[in-house]
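Notes follow the structure.
Every number here is computed from the coordinates shown, using simple stated rules; none is lab data. The shown structure was predicted, so the numbers you read here are calculated from the model rather than taken from an experiment. All Cβ positions, glycine included, derive from the backbone under ideal geometry; neighbour counts span all protein chains shown.
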């Protein structure tokens, strides 16, 4: 892709990256290794599982009534928008916040996410946080300039490079048998996200700004 030569060009590139459909963000990257694409598909399936639950508890009368009956403080799930990274982040974060309540309702059903899926989502929230923070920080800027955007991109890059970003979350499950499986899986996902980030964002900047 061509590097952004003006503030306007970069604003367009930033909008493309932060607001385009997540599915397109992945599907457009044909250069990815088959294993990386397979892992992303697995991750997408896990997110879809939680999206389905969020929709149920948010739109089903039975689901809403159940949560209200079980919660001491009403907190309904958030549903995401397919065109925004940070809405998926917000949806998953809210599902984690009400995990105990939804678990109480789902414990006798096959729809209850496994502990392995919950750990995967906790790690994904850590991975998405830099993008969500960047989107929130730039949302108040009508026309983000290179002077503002470059430090933001560098911050995201630095965080995505951090090989220990999931360590605290992974350690929290002790010696559960799925621990190493999720750790290896999310390590692969982090590396893939970093590659996608470089190709979709960093490579659009003029080289003298990197």
*Take the Cβ-Cβ distance between residue 48 and residue 147 as r, set R0 to 30 Å, and report the resulting FRET efficiency rounded to the nearest 0.05.*
0.20
_In nm, spacing of pseudo-spin labels at residue 181 and residue 96 (7 Å Cα→C-beta vector)_ = 2.1 nm
